[in-house]
Amino acid sequence: MIGAAPPSDGSPPTLTGQVSHWFGQAAQIVTGVAGFSYAFGWVVTARFFGAFGVDPEDAGITFGWLAIRAFLIGITGLAVFVVSRHLLQAAERSAPVVHIVQSRAAIVVMTVVSCMGVAGLAALCLAVWTTSRGGAVDALPVTVILLCGAVSTGLVLWLRPPAVQLGWNTSLWLRGIAGALLGFLGVSLLLLPYRLSDHLAADVRAGRPVRLLMAPGVPALQVTRVQLAAVDGQSPPPHLPPPTTCVSRLGGAAGVSLYYVDGTVLRVADESVTARGPCRPAR
């Protein structure tokens with residue numbers, strides 16, 4: 001008599017099978033994320049160069065060029081997925097911790113640190129935001145924020161809470177971090193390329209260099225500011241700006257480079273000009 005085989009839970013029974021199963025899943029994840037990454041890179045480059053009326057291929061953006069960078073992003077996406085999965089697994093094993101503080105001195109210290117810490121952080125954020133926009137930090141709003149923190153501290157101490165309950169739910173924190181990582185990955189691949197390409201194009205029009213990294217040391221977009229001069233013994237190309245003018249090099253292919261200056265894209269043969277950088281405009 002032949003008995004029925006016991007039901008399988010779907011997991012490989014041996015170490016070799018488990019490793020093979022894991023690498024199979026990893027390959028699927030890398031392939032999926034790399035596909036989204038390739039689409040991300042292509043949308044960014046096509047939208048960015050389209051803002052100047054040129055094709056990405058004219059700037060040296062090819063399928064192989066993007067495929068290598070998409071693979072690197074796929075590896076990064078796999079790392080984010082693995083970290084998020086481990087965080088979710090750790091969240092299932094963790095339990096909340098509650099500690100009740102009844103010491104009056106400890107309650108006073110925690111109240112002062114909490115209220116004044118929040119006020120100080122708000123004042124710091126205001127100062128950073130103001131200076132980043134080229135303005136000067138005004139003492140009045142900073143003083144008002146710190147004064148609100150002091151008033152809140154005094155109000156809490158006046159109420160005199162008999163005890164303070166400190167709770168720490170590791171599970172919620174781990175789930176939140178995992179969700180933030182996965183959400184950041186999804187938003188970056190789906191929504192960011194449109195806003196990012198427009199922002200980079202605006203930087204180029206404003207005369208600023210651009211460097212977008214898809215992985216450490218591997219740029220996806222790089223626009224440098226250079227100065228052009230005709231090669232000795234050759235006549236300068238038409239519409240070549242003066243040697244003291246800074247131009248933005250968008251890229252190049254087949255011996256022809258693209259330069260942006262004053263709202264115009266110049267196509268210049270590399271053999272007819274020399275590009276010197278970084279740009280040092282004349283004073």
Modelled with pLDDT of 80 or more and in contact with a Phe, Trp or Tyr (Cβ under 9 Å, 6 or more places away or on another chain): does that describe residue 257?
no
Which residue pairs have Cβ atoms under 6 Å apart, sit 6 or more places apart or on different chains, and have a first residue in segment 59-72 that is under 20 Å from residue 27 (Cβ atoms) and touching a residue at least 24 places away in the same chain (Cβ under 8 Å) and a second that is among the hydroxyl-bearing types (Ser, Thr, Tyr) and open to solvent by less than 10 Å² (accessible area, probe 1.4 Å)?
70/37
On the basis of being under 15 Å from residue 251 (Cβ atoms) and within 18 Å of the chain's Cα centre (by Cα), does residue 54 make the cut?
no
Report yes if some residue within segment 153-175 is open to solvent by less than 50 Å² (accessible area, probe 1.4 Å), at pLDDT below 80, closer than 30 Å to residue 262 by Cβ and of a type in the set (A, V, I, L, M); otherwise report no.
no
The lone exception for residue 118 - which of (1) aliphatic (A, V, I, L, M); (2) under 30 Å from residue 264 (Cβ atoms); (3) open to solvent by 80 Å² or more (accessible area, probe 1.4 Å) it fails
(2)
Here the residues within segment 30-68 that are closer than 11 Å to residue 220 by Cβ and either of a type in the set (A, V, I, L, M, F, W, C) or out of contact with any helix residue (DSSP H, G or I) (no Cβ under 6 Å at 6 or more places or on another chain) (or both) are 40, 42, 44, 48, 61, 65, 66, 68
Candidates 84, 37, 11, filtered to the one that is under 30 Å from residue 256 (Cα atoms) and either surrounded by 14 or more Cβ atoms within 10 Å (Cβ to Cβ) or modelled with pLDDT under 75 (or both)
37
In segment 250-270, anything in contact with a Gly (Cβ under 8 Å, 6 or more places away or on another chain) and open to solvent by 30 Å² or more (accessible area, probe 1.4 Å) is listed as 253, 265, 269, 270
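The values are calculated or read from the model by the stated rules, or taken from the named source; none is laboratory data. In this text the structure is predicted, and so the values were computed from the model without any measurement. Methodologically, a virtual Cβ is constructed for each residue, glycine included, from the backbone with ideal geometry; neighbour enumeration extends over all protein chains shown. For the accessible areas, the whole protein counts, side chains as well, though only heavy atoms, and no ligand, DNA or RNA atoms are used. Shrake-Rupley method; radii C 1.70, N 1.55, O 1.52, S 1.80 Å.
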